[in-house]
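Below: the structure, in structure tokens.
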Amino acid sequence: MDLELVKRIGIAAAYKGGRILMAHFGKISKIEKKGVIDLVTEADTESESAIIDTIKNVFTDHSILAEESGLTTGDADHQWIIDPLDGTTNFAHQIGLFAISIAFTLKGETVFGLVLNPLTGELFTAVKGRGATLNGKQITVSKVMTVSESFLVTGFPYNLRDHFDPLMTRFSKCLKASQGVRRLGSAAIDLCFIACGRFDGFWEQNLKPWDTAAGELIAREAGAIVTDFSNNPFKNDKKEIIATNGKIHKEMLSLLEIEDTV
């Protein structure tokens with residue numbers, strides 16, 4: 001598979017989607033709810049359509065898994081995983097922390113990923129085995145050695161009310177142990193910020209493949225360790241994710257180790 005062509009088409013698709021998002025930014029007229037706090041706008045659906053069309057024009061037989069339209073059947077060994085707007089709630093409230101996330105998997109393994117924030121112009125990319133970049137420049141994770149010196153980031157699932165106690169326990173433990181915890185509202189951005197050293201550790205649960213597929217590869221290619229809460233290798237279908245610079249991974253795992261009885 002020509003991964004350079006995959007990368008080129010993926011980036012072209014992301015920028016097309018990004019132009020649509022920016023045309024809608026600050027001008028959203030209709031916001032719908034997929035859940036109590038799970039929003040979707042016309043920007044999500046229009047961006048997704050443009051991204052899929054761009055990819056399908058070149059890779060006609062590939063399958064696509066996208067947040068809004070679901071699974072488009074095709075060659076399952078060649079699959080694109082798309083989030084046309086990660087951080088919809090931020091976007092709807094005119095907060096500039098949102099992104100397009102596009103990943104490509106080969107026989108179930110993510111081999112290319114990109115995350116684009118069209119507002120800031122930051123484009124994170126990674127190809128398996130070739131490292132990760134931010135706007136073309138190589139990036140690496142931080143060198144912080146302990147959680148007490150670390151700046152952490154997390155997210156809360158849309159069904160947080162169903163898991164509130166364990167979520168707050170983990171949050172409290174990490175907040176007390178670290179220099180601070182932020183909640184940005186975009187898992188794709190969180191993972192990329194781990195990749196470039198802005199944060200030292202990230203954890204979240206109940207995410208979907210389109211939230212993590214691209215960012216997870218970018219983080220790993222920048223030197224991060226990415227697992228579930230039990231320290232098993234992370235896969236796109238996992239419900240838990242922890243990504244760190246590697247040096248604080250064991251300590252972070254111990255902080256997240258609680259009994260979730262829900």
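Per this entry, G136 is not counted among residues that are open to solvent by less than 60 Å² (accessible area, probe 1.4 Å) and either within 30 Å of Q79 (Cα to Cα) or not β-branched (V, I, T) (or both). Count of the range 19-48 residues, restricted to those that are at pLDDT below 75 and either out of contact with any Phe, Trp or Tyr (no Cβ under 6 Å at 6 or more places or on another chain) or surrounded by 16 or more Cβ atoms within 10 Å (Cβ to Cβ) (or both), is 10. Quick one: count up the residues across the range 90-117 that are over 15 Å from the mean Cα position of the chain (by Cα), of a type outside the set (A, V, I, L, M, F, W, C) and not in a strand (DSSP E or B). Final tally of qualifying residues: 5. Has the range 142-149 got any residue that is open to solvent by less than 10 Å² (accessible area, probe 1.4 Å) and either under 17 Å from the mean Cα position of the chain (by Cα) or at pLDDT 95 or above (or both)? Yes, the range 142-149 contains at least one residue that is open to solvent by less than 10 Å² (accessible area, probe 1.4 Å) and either under 17 Å from the mean Cα position of the chain (by Cα) or at pLDDT 95 or above (or both). How many residues are farther than 16 Å from A187 by Cα and either among the β-branched types (V, I, T) or at pLDDT below 95 (or both) if we restrict to the range 238-255? Within the range 238-255, residues that are farther than 16 Å from A187 by Cα and either among the β-branched types (V, I, T) or at pLDDT below 95 (or both) number 1. Filtering the range 112-154 to residues that are of a type in the set (V, I, T) and touching a Gly at 6+ places or on another chain (Cβ under 8 Å) leaves V115, T120, T125, I139, T140, V141, V147, V153. Check the range 57-65 and report whether any residue there is part of a helix (DSSP H, G or I), closer than 29 Å to M1 by Cα and modelled with pLDDT of 95 or more. The answer is yes, given that some residue of the range 57-65 is part of a helix (DSSP H, G or I), closer than 29 Å to M1 by Cα and modelled with pLDDT of 95 or more. Evaluated against (1) more than 21 Å from A76 (Cα to Cα); (2) part of a strand (DSSP E or B); (3) of a type outside the set (D, E), R130 falls short on exactly one condition, (2).
The set of residues in the range 47-79 being in contact (Cβ under 8 Å) with a residue 40 or more places away in the chain and either farther than 13 Å from A12 by Cα or hydrophobic (A, V, I, L, M, F, W, C) (or both) consists of I51, I55, V58, F59, L65, A66, E67, H78. Which of (1) outside any helix (DSSP H, G or I); (2) open to solvent by less than 50 Å² (accessible area, probe 1.4 Å) is the odd one out, the single condition A214 does not satisfy? The single condition A214 does not satisfy is (1). Within the range 217-233, being part of a strand (DSSP E or B) and open to solvent by less than 40 Å² (accessible area, probe 1.4 Å) holds for V226, T227. Filtering E204, E216 for residues that are among the charged types (D, E, K, R), free of Cβ contacts under 8 Å to residues at least 60 places away in the same chain, touching a helix residue (DSSP H, G or I) at 6+ places or on another chain (Cβ under 7 Å) and within 25 Å of T120 (Cα to Cα) leaves a single hit, E204. Mind checking whether some residue in the range 244-252 is of a type in the set (A, V, I, L, M) and assigned to a loop (DSSP other than H, G, I, E, B)? Yes, the range 244-252 has at least one match.
Any residue in the range 229-237 that is of a type in the set (D, E, K, R) and either touching a Phe, Trp or Tyr at 6+ places or on another chain (Cβ under 7 Å) or touching a residue at least 40 places away in the same chain (Cβ under 8 Å) (or both)? The answer is no; no qualifying residue exists.
Of all residues in the range 151-197, exactly one satisfies the criterion of being open to solvent by less than 40 Å² (accessible area, probe 1.4 Å), within 20 Å of T88 (Cα to Cα), in contact with a Ser or Thr (Cβ under 7 Å, 6 or more places away or on another chain) and not in a helix (DSSP H, G or I), namely G185.
The values are calculated or read from the model by the stated rules, or taken from the named source; none is laboratory data. Just so it is clear, the structure is predicted and the values come from calculations on it, not from any experiment. Every residue, glycine among them, receives a Cβ derived from its backbone with ideal geometry; neighbour counts consider all protein chains shown. SASA here: full protein model, heavy atoms, side chains in, ligands and nucleic acids out. Shrake-Rupley method; radii C 1.70, N 1.55, O 1.52, S 1.80 Å.
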